[in-house]
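Reading through the structure tokens given below for one structure.
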Amino acid sequence: MSDPSTSTATDRYLERSRRHIAGGLFSLNRRTDPMIVFERAEGAHLWDVEGRRFIDYHAAFSPYFLGHGDPDVDGAVIDAIQRKTSLVGAGTTPWEGELAELLTEAVPSLEKVQVTNTGSEATSYAIRLARAATGRDAILLIQGGYNGWEDDVAFNLMDPPDAQTPRADGPGLALNPITNGMPASIRDNVFIVQFNDLDAADEVLATGRIAAVMLEPVLQNIGVVKPQPGYLEGLRAACDRSGSLLIFDEVKTGFRNGLGGYQAICGVRPDLSTFGKAVANGYPLGVVGGSAEVMRFVDHPDPKQRVLVAGTYNGHPVPSYAAIATLRKLRDRGEEIYGHVERLSRTMEDGLRAIFDGVDYPVTIARQNSAFVAYFMDHPPRDWLDLVSSNDMQRDARYRARLIEHGVFHFPTPTKQGSISFAHAEDDIATTLAITERIVAAGL
Ligand SMILES: Cc1ncc(COP(=O)(O)O)c(C=O)c1O
């Protein structure tokens, strides 16, 4: 027990959480060192229980593209409550059709959609749909990509170089689960390759066992690792050759790169896509959708072929209203919103480049629209193996820790992306760059 006369508010909250929460906090991947107890967020800023203010570039792992507490989104949520909309849980509702309409208009590959509460549910359903549509069980994933916490995808995230070895019993990489508690049999149906390695993907696809390749089209769970020219097109062609589906997991890239997702930028049309995060600007909503041919399995005329999509809270009015308000705003004021974010993001990118220009260690700034990261290596990474082998993780961690000490919040884990929102102002970027300049000058 901490001494109540000397302990801080942070100590007291941490102690209380530790007492009854397994692991001391909800969602263990939020653990940081030191732990900060945040109590409020508005626009581009966070406040902790000590009253410290931070400029936020974490955006709660990136949903807040319009900023925390966006007035239009929160207004819609309040409206949903005041109108006495509720989760009746029978039949449909007026807002379901509108939300589906906005989604299918925004992303051309979404001919039909279903909504869930989280990104992980969306990726689970995408895999189930792909298995039903192809009659195959195995999936191909990317080293360093994150697609959710479910068993099928809980493999090979930020592994050390010596763990990224060839698989003994087939093509691709050895499997490194990111969780205990999975059945051993799951391994038979999961294959992993490095990002941007088309030959390796081809080799796995040639087994004829792959229902779907699922990947983040830009690897944004390890910063901003971009597809090389021709890579996504090559995957599309390889999937077509092998009768596998291509799933873009746009839970992180979606709606931050423009209304049409990253797929509108790269021009590659996936069979299925998943969205989450920015789609409802911080409220819990996931989306799975794609070609009518695959999506028809949710209501297949043959009950044995039908794919169950169900959830007590699917289509709940609060996140649904939030998503409708977000999508309408992005549609109606898209030029202004994406223009503002792009301008600030470019200022950040240019500013960081200039600050790190004179240092005697390698730095590479990578950016994809609102997502940016400073890598402490001399080239943009090609994949996680390249990144973990080249990036100076200690310096990266010190950089993040110093920024946090000075009121700029990036997630403290090396390689994690920063996110700029519509709520950031030029002043926030200028202040961040001035702070960065000072901490870099003082030595990292
Ligand atoms: C690309 C990607 N897919 C899926 C997920 C899982 O989404 P959720 O945490 O909402 O379940 C995440 C979460 O970080 C993600 O970044």
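Which of the peptides 319-331, 87-99 is most tightly packed, and how do the rest follow, judged by the mean count of other Cβ atoms within 10 Å per residue?
Highest mean packing first, the order is 319-331, 87-99.
One compactness figure for segment 161-234 is 1.17, namely its Cα radius of gyration divided by 2.2 N^0.38 Å.
Estimated from helices alone, the mean residue ellipticity of the chain at 222 nm is -11000 deg cm²/dmol (sum of -39500 (n - 2.57) over DSSP H runs with n ≥ 4, per residue). Expressed in units of 2.2 N^0.38 Å, where N is the residue count, the Cα radius of gyration of segment 362-444 is 1.08. Sorting the segments 244-255, 138-149, 110-121 by their mean number of nearby beta carbons within 10 angstrom, highest to lowest, gives 244-255, 138-149, 110-121. Extent along the principal axes, Cα only, for segment 344-392: 31, 26, 11 Å, with the longest axis given first.
The 3J(HN,Hα) values that the Karplus relation (6.51, -1.76, 1.60; θ = phi - 60°) gives for segment 426-433 are, in residue order, 4, 4, 4, 5, 4, 4, 4, 5 Hz. Gly and Pro appear as x.
Each listed q (0.12 Å⁻¹) maps to a log10 I(q)/I(0) for segment 99-162 from the Debye sum over equal C-alpha point scatterers, namely -0.41.
When you count the other C-beta atoms within 10 angstrom of each residue and take the mean per peptide, 217-223, 123-129 line up highest first as 217-223, 123-129. Rounded to the nearest 20 debye, the dipole size of the chain about its Cα centre is 700 debye, using +1 on the Cβ of Lys and Arg and -1 on the Cβ of Asp and Glu. Under 5 Å between amide hydrogens, built in the peptide plane, is the criterion, and for residue 167 it picks out 172, 173, 174 among residues at least 5 positions away or on other chains. Amide H contacts of residue 212 (H built 1.01 Å from N, in plane; Pro and chain starts excluded): 140, 245 sit under 5 Å, all sequence-distant by 5 or more or on other chains.
Expressed as cubic angstrom per residue, what is the convex hull volume of the alpha carbon set of segment 71-332?
134 Å³
Note on segment 71-332: with charges restricted to the Cβ of Lys and Arg (+1) and Asp and Glu (-1), its dipole about the Cα centre is near 380 debye. Using a ≥ b ≥ c from the Cα gyration tensor of segment 9-153 (square roots of the eigenvalues), is it rounded, prolate or oblate, where a/c under 1.5 gives rounded and otherwise the larger of a/b and b/c decides, a/b for prolate? Oblate.
Comparing the chain with the 2.2 N^0.38 Å rule of thumb, its C-alpha radius of gyration ratio is 0.98 (two decimals).
Each reported figure results from applying straightforward, stated rules to the coordinates on display, with no laboratory input. Because the structure is predicted, anything quoted here is derived from the model rather than measured. Positions of Cβ are generated from backbone atoms using ideal geometry, with glycine treated the same way; all protein chains shown enter the neighbour counts.
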